[in-house]
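Below is one structure, written out as structure tokens, with a few remarks after it.
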Amino acid sequence: RKEVEQDPGPFNVPEGATVAFNCTYSNSASQSFFWYRQDCRKEPKLLMSVYSSGNEDGRFTAQLNRASQYISLLIRDSKLSDSATYLCVVTLYTGNQFYFGTGTSLTVIP
Amino acid sequence: DTEVTQTPKHLVMGMTNKKSLKCEQHMGHRAMYWYKQKAKKPPELMFVYSYEKLSINESVPSRFSPECPNSSLLNLHLHALQPEDSALYLCASSQGIAGAISGANVLTFGAGSRLTVL
């Protein structure tokens, strides 16, 4: 069983739509959680860390559900520039083992 | 500008060549990583150095040889590669702190070295 599972999509949504991605993890000892964004032929870049209480950054909201072992990312009012692959990343207590989901492809359509 | 610098950005090599990829970070991070990424796939971990010592080798073929000369530098030596080794090679670093508060131990990537093996 994979450490981190994501729906690969693709998600094709119109501008202004709200879209949500989910990611499940298998190890209950997972310590830290992140969403990364990767543009085509570029490196992954941190979008946001995910905190136990949930956190918001502008149009982006991340939530963690430890009981069900999943994290989510909500994007409101989608922009064309949000088109990218979104990677769910989970770490263990050791601090240097980062587990990646397969990534979810998002295309925002005019 | 990325805080992890990788060189070269592009590399084309033959199967008999020997080349090296280089990575540098000045964030004081104590863990450094090599990842390999193929198109439409997530990054795949190759090696982890923690406090300049190799801590994880994900059963990578010996034609890839990592080296960590000091806490800021990470190299990947390449020899006798195969065409299927063509990929984006990403270097990353993190604080490498065990038990870090959620969100404190972030993985920062370099821009990558795009390798083509002929």
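The values are calculated or read from the model by the stated rules, or taken from the named source; none is laboratory data. Keep in mind it's a predicted model, so treat the numbers as computed, not measured. Here the Cβ is made from the backbone with ideal geometry for all residues, glycine too, and neighbour counts use every protein chain on show. Heads up: the accessible areas ignore ligands, DNA and RNA and are worked out on the full protein's heavy atoms, side chains in. Shrake-Rupley method; radii C 1.70, N 1.55, O 1.52, S 1.80 Å.
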Return the residue satisfying two criteria in turn: it lies in region A:31-68 and is open to solvent by less than 40 Å² (accessible area, probe 1.4 Å) and not in a strand (DSSP E or B), and of such residues it is farthest from the other protein chains (Cβ to nearest Cβ).
-> A:Gly54
Hey, B:Leu45 hits all of (1) open to solvent by 30 Å² or more (accessible area, probe 1.4 Å); (2) touching a residue at least 60 places away in the same chain (Cβ under 8 Å); (3) at the interface with another protein chain (Cβ under 10 Å from one of its Cβ atoms) but one; which does it fall short on?
-> (2)
Is region A:64-80 home to any residue that is of a type in the set (Ser, Thr, Tyr) and at pLDDT below 95?
-> yes
Residues of region B:34-58 that turn out to be over 27 Å from A:Asp7 (Cα atoms) and out of contact with any strand residue (DSSP E or B) (no Cβ under 7 Å at 6 or more places or on another chain), as a count = 2
Restricting attention to region B:76-95, which residues are under 15 Å from the mean Cα position of the chain (by Cα) and either part of a loop (DSSP other than H, G, I, E, B) or surrounded by 23 or more Cβ atoms within 10 Å (Cβ to Cβ) (or both)?
-> B:Leu76, B:Ser86, B:Tyr89, B:Leu90, B:Cys91, B:Ala92, B:Ser93, B:Ser94
Filtering region B:21-42 down to residues that are open to solvent by 30 Å² or more (accessible area, probe 1.4 Å) and among the aliphatic types (A, V, I, L, M), which residue is nearest to B:Pro61 (Cα to Cα)?
-> B:Ala39
May I ask you to verify whether B:Ala39 is closer than 23 Å to A:Arg41 by Cα, assigned to a loop (DSSP other than H, G, I, E, B) and more than 8 Å from chain A (Cβ to nearest Cβ)?
-> yes
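For region A:74-86, indicate whether the set of residues that are surrounded by 17 or more Cβ atoms within 10 Å (Cβ to Cβ), within 17 Å of A:Glu5 (Cβ to Cβ) and among the aliphatic types (A, V, I, L, M) is non-empty.
No, region A:74-86 has no match at all.
Within region A:93-110, can you find the residues that are more than 9 Å from chain B (Cβ to nearest Cβ) and either without any contact (Cβ under 8 Å) to a residue 40 or more places away in the chain or touching a Phe, Trp or Tyr at 6+ places or on another chain (Cβ under 8 Å) (or both)? First the steps, then the outcome.
First, the residues of region A:93-110 that are more than 9 Å from chain B (Cβ to nearest Cβ): A:104, A:106-110.
Selection gives A:Thr104, A:Leu106, A:Thr107.
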Would you mind telling me which numbered condition in (1) among the aliphatic types (A, V, I, L, M); (2) open to solvent by less than 10 Å² (accessible area, probe 1.4 Å); (3) at pLDDT below 95 B:Ile101 fails?
-> (2)
Going by the conditions given, is B:Lys18 more than 14 Å from chain A (Cβ to nearest Cβ), within 25 Å of A:Tyr36 (Cβ to Cβ), open to solvent by 10 Å² or more (accessible area, probe 1.4 Å) and basic (Lys, Arg)?
-> no
